[in-house]
Amino acid sequence: MLELEKISKIYKTGTFGGKKLLAVNNVSFDVEDGEVISLIGESGSGKSTIGKMILGLISISSGMIRLNGVDIATLKGDALKDYYRNVQGVFQDPFSSYNPIFKADRIFRIIREEFFPKINNREWDKKIDSSLRAVGLNPDEVLNKYPHQLSGGQLQRFLIARALLLDVQFLVADEIISMLDASTRIDVLNLLAELKSRGLSILFITHDLSLGYYISERAVILYRGCIVEIGPTEQIYYHPLHPYTRLLIASVPRLDKKWEEVEVKLKAKYSELPTGCVYYERCPFADKDKDCAKRPTLIEAESGHFVACSHYMEVNERV
Amino acid sequence: MALQVEKLKVYYQTLKGDVKALDGATFTVEDGEIMGLAGESGCGKSTLGNSLILLKAPMRFVGGRVKLDSEELPIQEMKKMNNFRFKKISIIPQYAMTAMNPIQKIGKMISELLRSRKIDFKSTLPELKRRLDLVELSHDVLNMYPIELSGGMKQRMVMVLSTLLNPSLLIADEITSALDVSTQKAVAKMLVEFRDREFVKSMIVITHDISILYQIADSIMVMYAGKLAEKASTEVIINSPRHPYTKLLISSLPDIGIKYSQKKLTGIPGKPPLLLDPPTGCRFRKRCPVAFEKCLNEEPPFIEIEKDHFIACWKESEKNA
């Protein structure tokens, strides 16, 4: 349904934009209908940048994003508006997504003005009613309130309800539960899973692996803008191939198991290999004599499970 | 016993009245104990941490006593506490990223800080460098501005700084929340190492992430709506909690290996009461699956039902009796 083909993003940094930062590097993957994909990576890995490019909030430096075969960069005017009927985003901080001076349901009014100018009041109220109920909110309790009168979980569900008004097919969920409490977090997560069963595709951007595992079928692991591993969630979690994925999985705090004595290297090795493997600096298996100086491409190790490490077999033997 | 807190009450003053954010907390932290403090946002866990070191307006001291190493802590007196801050009791604040002065080099900032506590910087420098080595920071950071450090580096720098004078008690407030899993692990392990090396005698680690506490804490205390709900050793809290709130909280955590399609987790329905005018009786009763009449009118006391296992619940204490 949504395809990303070799997309890259270069940010200009420095005082006069003289320096360049490659935030996303040649990333390709696709999302099927009704599929949840989690995009996992640490801060600065480019995961939010990918989300923003899909939403058209920032331009794509190179590569192409296609929705149902249509390149989204070429969309203009009405076609672009149609795109936003299908694709919407919800972001990390529900508190700053609202204007505190106005009532929270103002976000619905804007949708109505832009997308449904002809609808009458009764129908519109019915639509809001059903979409609020779909996200598990009681309309009588939450309408006509100011943002500070609602909890974080309620505000976040409000934003999802707003996206649902538009019959979206694709939702970019950028760290939407990391600011919520454990008790409300799971409700929002269950909501996403339920929407998925109704055919919605979701790009679930997170740095929390256990949340990603809970709802997604496939996972993409990003490191410094590159995909290092992509595959079915079970295989990524129980049979990680890339040394970075292994480190991530071993670092997740769990309730059933104490941390193993895997030492996390804090000090990065000095990188002399700008063209080599992105993980070279931190990789415990990297060696200059091996061909880590060449950037590895994604290799299909098992069916549907790709890894960007030339030595994954060796790594697995040594662990 | 390193820290003894008795019936501590700290309210927030607002125009509408007092918000009872911390309403009578009684607990102890032993020497060498890392106590985790968990709960939802707004349950008073940061209020408890902050009130032990910097009790400033709009916080208001209402009652209670705090003893550190059998010495009374004058927490309600701003000036007198200066003898204890940094030396005996220290904090790593929630946003360590912004805890350092952005326009001063880190070394300069530390030397000024030490001078304000009448401690010689030069004689402390070798120890400071030793500890920088321990957290794998290069000595050059002393000549850098905070902006030149990454988030994890700043966090480690603040950790070294807060514990430089070997305080008896360290309060770590949500220090791992803003970090990536791999950095999170390193920082959490460092806390344990600081305790093992006796840089700090005991610690209160405040976080909403119980799975981190399971990795590092000796005991966990759970708070709900300004009250203590349960305190016990980490194993007991995670594997056999008694308070209904703790049970629900633990069961709502997604863990690796749990998938929506196989096992659907549930959250805790409802939301915490407003603390401006908290309900009578047990504050959790509206969301509690086992509440009965007694919970409506009488407030459950925080009592020891087994050795080192404290709980505030009528149902459970009746079962025990």
Here is a list: B:Ile258, B:Ile268. Which entry is among the β-branched types (Val, Ile, Thr), buried (at least 22 other Cβ atoms within 10 Å of the Cβ), in contact with a helix residue (DSSP H, G or I) (Cβ under 7 Å, 6 or more places away or on another chain) and part of a loop (DSSP other than H, G, I, E, B)?
B:Ile268
Strands (runs of 3 or more DSSP E) enclosed by segment B:1-92 - at least 2 residues per element that are farther than 25 Å from B:Val158 by Cα:
B:3-14, B:17-29, B:59-68
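For (1) out of contact with any His (no Cβ under 7 Å at 6 or more places or on another chain); (2) more than 25 Å from A:Arg133 (Cβ to Cβ); (3) within 12 Å of another protein chain (Cβ to nearest Cβ); (4) of a type in the set (D, E, K, R), each residue gets a yes or a no:
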| site | (1), (2), (3), (4) |
| --- | --- |
| A:Leu195 | yes, no, yes, no |
| A:Arg198 | yes, no, no, yes |
| A:Ser201 | yes, no, no, no |
| A:Leu209 | yes, yes, yes, no |
| A:Val220 | yes, yes, no, no |
| A:Val228 | no, yes, no, no |
| A:Thr233 | yes, yes, yes, no |
What are the residues in segment B:286-298 that are open to solvent by 50 Å² or more (accessible area, probe 1.4 Å) and without any contact (Cβ under 8 Å) to a residue 40 or more places away in the chain, if any?
B:Lys286, B:Phe292, B:Glu293, B:Lys294, B:Leu296, B:Asn297, B:Glu298
Can you tell me which condition B:Ile210 does not meet? The list is (1) at the interface with chain A (Cβ under 9 Å from one of its Cβ atoms); (2) closer than 28 Å to B:Gly281 by Cβ; (3) open to solvent by 10 Å² or more (accessible area, probe 1.4 Å), and all the others hold.
(3)
Single residue of segment B:178-192 satisfying the filter (out of contact with any Phe, Trp or Tyr (no Cβ under 9 Å at 6 or more places or on another chain) and in contact (Cβ under 8 Å) with a residue 60 or more places away in the chain) that is nearest to the other protein chains (Cβ to nearest Cβ)
B:Val192
Residue check, A:Lys9 part of a strand (DSSP E or B) and either within 14 Å of chain B (Cβ to nearest Cβ) or open to solvent by 80 Å² or more (accessible area, probe 1.4 Å) (or both):
no
Of the numbered conditions (1) open to solvent by 10 Å² or more (accessible area, probe 1.4 Å); (2) at pLDDT 85 or above, A:Leu171 satisfies every one except a single condition; which is it?
(1)
Among helices (runs of 4 or more DSSP H) lying entirely in segment A:231-319, which contain 1 or more residues that are at pLDDT below 70?
A:312-318
Count of segment A:27-52 residues which are farther than 21 Å from A:Ile202 by Cβ and modelled with pLDDT of 90 or more
0
Which one is modelled with the highest pLDDT, of the residues in segment A:101-155 that are open to solvent by 60 Å² or more (accessible area, probe 1.4 Å) and among the β-branched types (Val, Ile, Thr)?
A:Ile101
Flagged in segment B:239-260 as more than 7 Å from chain A (Cβ to nearest Cβ), touching a residue at least 24 places away in the same chain (Cβ under 8 Å) and of a type in the set (D, E, K, R), in numbering order, are B:Arg242
Looking only at segment B:22-43, count every residue that is over 19 Å from B:Asp218 (Cα atoms) and either modelled with pLDDT of 95 or more or away from chain A (no Cβ under 14 Å) (or both) and tell me the total.
4
Single residue of segment A:84-96 satisfying the filter (surrounded by 14 or more Cβ atoms within 10 Å (Cβ to Cβ) and either touching a helix residue (DSSP H, G or I) at 6+ places or on another chain (Cβ under 6 Å) or without any contact (Cβ under 8 Å) to a residue 12 or more places away in the chain (or both)) that is farthest from A:Asp167 (Cα to Cα):
A:Pro94
Take residues that are within 16 Å of the chain's Cα centre (by Cα) and tell me which of the helices (runs of 4 or more DSSP H) falling wholly in segment B:131-249 contain 2 or more.
B:151-162, B:181-196, B:210-216
Got at least one residue in segment B:227-235 being in contact (Cβ under 8 Å) with a residue 12 or more places away in the chain, of a type outside the set (A, V, I, L, M, F, W, C) and at positive phi?
no
Given the conditions (1) more than 13 Å from chain A (Cβ to nearest Cβ); (2) in contact with a Gly (Cβ under 9 Å, 6 or more places away or on another chain); (3) more than 29 Å from B:Leu253 (Cα to Cα); (4) in contact (Cβ under 8 Å) with a residue 24 or more places away in the chain, every one holds for B:Arg195 apart from (3)
Scan segment B:272-300 residue by residue and report those that are of a type outside the set (A, V, I, L, M) and either part of a helix (DSSP H, G or I) or within 22 Å of the chain's Cα centre (by Cα) (or both).
B:Pro272, B:Pro273, B:Arg283, B:Phe284, B:Arg285, B:Lys286, B:Arg287, B:Glu293, B:Lys294, B:Cys295, B:Asn297
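The values are calculated or read from the model by the stated rules, or taken from the named source; none is laboratory data. Bear in mind the structure is a predicted one, so any value in this text is a computation, not a measurement. Using ideal geometry, Cβ is built from the backbone for each residue, glycine included, and neighbour counts are taken over all protein chains shown. Ligands, DNA and RNA are stripped out before the accessible areas are found, and what is left, the full protein with its side chains, is counted by its heavy atoms. Shrake-Rupley method; radii C 1.70, N 1.55, O 1.52, S 1.80 Å.
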